[in-house]
Amino acid sequence: MTEEYVQAFVHESEEQLTDLNNSLLALESDPDDQAAMDDIFRTAHTLKGNFGAMGYGDASDLAHAIEDLLDELREGAMAVTPEVMDLVFAGVDRLEAAVESVDENGTVEVATEDLEADIRAVIGNGATGGDDTDTDTDNATTSSGGDQVDTFEVAVEVGDSEMRGVDGMLVLEAVREECDLVSSTPDPSAIENGDYDDGFELVAASTTADELRSTLDRVSAIEEASLTQAGTDADADATEADPDTTDEATSDEDGAVPATDDDEQPGGGAGGTNGSSAREISSVRVDVDQLDDLHGLVEQLVTSRIKLRRAADDGDVGSANDTLGELDKITGSLQNTVMDMRLIPMRKVISKFPRLVRDLAREQKKEIDFEMEGEDIELDRTILTEISDPLMHILRNAVDHGIESPEEREAAGKSREGTIELRASRERDHVTITVEDDGRGLDVDELREKAREKEVRTPAELDSMEDSEVYDLIFHPGFSTADEVTDVSGRGVGMDVVHSTVKQLDGSVNVESGSGEGTTVTLQLPVTVAIVKVLFVEVGDEEYGVPIKNIDEVSQLAGTKTINGQPMIEHEGDIYPIVDLADELAVPGETANGDGMVLRIRKSERRAALRCDAVRKQEEVVVKPLEGALSGIPGLSGTAVLGDGNVVPILDVVTL
């Protein structure tokens, strides 16, 4: 298989595994949900066919076993129990691991035989009869409507095909859907793996020969098919496919063949709970209109480049300036288009979370209703990748230490079932993600006591802190109120990583809680990263950048007040402490410009005003976060390289 087919297989399989997980969750919550059951069976059948068509036989066999187990559930031969669902989910997780192995190594380097044997054993013990290795032989003499049927022998020729497995699978799919497949030579798994010469033979049951012929006519992969009623020597009828439609075999409506274009629907991995880090999002879905816009902008860029070079050669300064103005507009539009192309719906990441919560709740013997809103909210690819693990950790904390056991909830006058909600919303250039639970909440007095024991803050500082400030202590490295750290999580363990990750993305995180009333963790993140509009200020002999989105007003410093020795300014009845950048940053050299200038920070970010010597200019710059030993320095969020080559620090107004 070519790399193109492999990547198409990986992307489609990831999407199908996510859909399968969510449909299984719907079935588990409502075993009578026939729509969920139909979706599950269809997706599992397609996965089996795709693995077989790609030549991954062992994974296809596991998918086949899962399909047979699901068929037992669909036919009512087995009940939808938590134990059976655990086995199905285990199989789905193993298939996800197989897909990841294909993506990384090009082959399936995951053992599947043991789990396949377990599933076959359960089918054998729980089924009410029938061959547990091939569900296609059931109902060979009657149709679903109970009408009398006849059995026909079919000789199928597919001719010279580069994808025998795919073509064979399409034929079997059509016969299974419209008629009944009694048997085949070779067996179905061999046909789907492409293990045949120019054709194969089928025995199919149908109410009439015309019905079976019509079914075969619709399969473009068939070059020729002869049909004979079983037990007779004649009535051999040939069916020949339209040669002009043969190439359409890869667009079967059931989606059994991996898509080969670049317009694939993004899909996340399955929601296993193995604790592994999120995989980097390696593909994005791009609208054709965006590609057209990008192409048009590149054409304009090339034209302007030619005009600029000509003006430079001719020494025409006026024409060069005009062309530079054009280039400024083009690059601005180019920047916006590319940034939009990087945006990905949140469902790419959070679609795996229902499985995560389900498995953790079952492991903890808790009853949890998990709800999500805002899956269509879009974020930059980089932000979405980075935020996946922090969100996963917050959810683990909510399940493990937030939601109480059913007995504890009943004793507290709550319903046995706890609730966790993940909501996302967008406002201008920011996205807010909230994870809220109705569990036991955080005890502010307990937090203060733990902080004293760990000497996170002095007793005097802890006594003077507002409750909201005390809640933020869970972001301190190693801070936890859990009496026992479990394998799942400990509230506070790793929350410092959540905080640092969000801060590196130029975002903020906040915690609100109350003892017995649940906990709400709110993350505010920029929609895009890297390019930021910055106001450059002068402090002594140095220059710094302040993101304009953090600034509410710029003015000359005048009319200050002093409260407890701290200079303040007043605005609309609110008091803003003045932070002198020269003092805070230990800037060498003499300050100038009289009293200087003041930048009043937005109240939503921090109630403060920054004093500087002068305000210079504003520009859009590429901000690079600090790394290694420099990361996490209070007051600094990163650096920007200017056009003249100088590196300017970008201030973090919250931690300054």
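The values are calculated or read from the model by the stated rules, or taken from the named source; none is laboratory data. Values in this document were obtained by computation on a predicted structure and should not be read as measured data. Heads up, the Cβs are rebuilt from the backbone with ideal geometry, glycines too, and the neighbour counts pull from every protein chain shown.
Numbers at a glance
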read-out: Matching residues in region 142-200 - criterion: being at pLDDT 75 or above, β-branched (Val, Ile, Thr) and farther than 17 Å from LEU227 by Cα; value: VAL166, ILE191
read-out: Given (1) basic (Lys, Arg); (2) within 30 Å of THR434 (Cβ to Cβ); (3) in contact with a helix residue (DSSP H, G or I) (Cβ under 7 Å, 6 or more places away or on another chain), number of the condition ARG347 does not satisfy; value: (3)
read-out: Listing of strands (runs of 3 or more DSSP E) fully contained in region 547-609 that carry 3 or more residues being touching a Leu at 6+ places or on another chain (Cβ under 7 Å); value: 597-601
read-out: Verdict on ALA249 being in contact with an Asp or Glu (Cβ under 7 Å, 6 or more places away or on another chain), modelled with pLDDT under 75 and assigned to a helix (DSSP H, G or I); value: yes
read-out: Restricting region 586-604 to residues that are among the aliphatic types (A, V, I, L, M) and out of contact with any Gly (no Cβ under 7 Å at 6 or more places or on another chain), the residue that is modelled with the lowest pLDDT; value: ALA592
read-out: Count - residues of region 508-546 that are closer than 30 Å to ASP438 by Cα and not in a strand (DSSP E or B); value: 4
read-out: Pairs where the first residue, in region 182-200, is closer than 15 Å to GLU153 by Cα and in the same structural domain as ALA225 (by TED's automatic domain parsing) and the second is surrounded by fewer than 16 Cβ atoms within 10 Å (Cβ to Cβ) and small (Gly, Ala, Ser), C-beta under 6 Å, 6+ apart; value: VAL182/ALA140
read-out: Filtered residues of region 542-567 (kept if touching a residue at least 40 places away in the same chain (Cβ under 8 Å) and more than 41 Å from the chain's Cα centre (by Cα)); value: GLU542, SER555, GLN556, LEU557
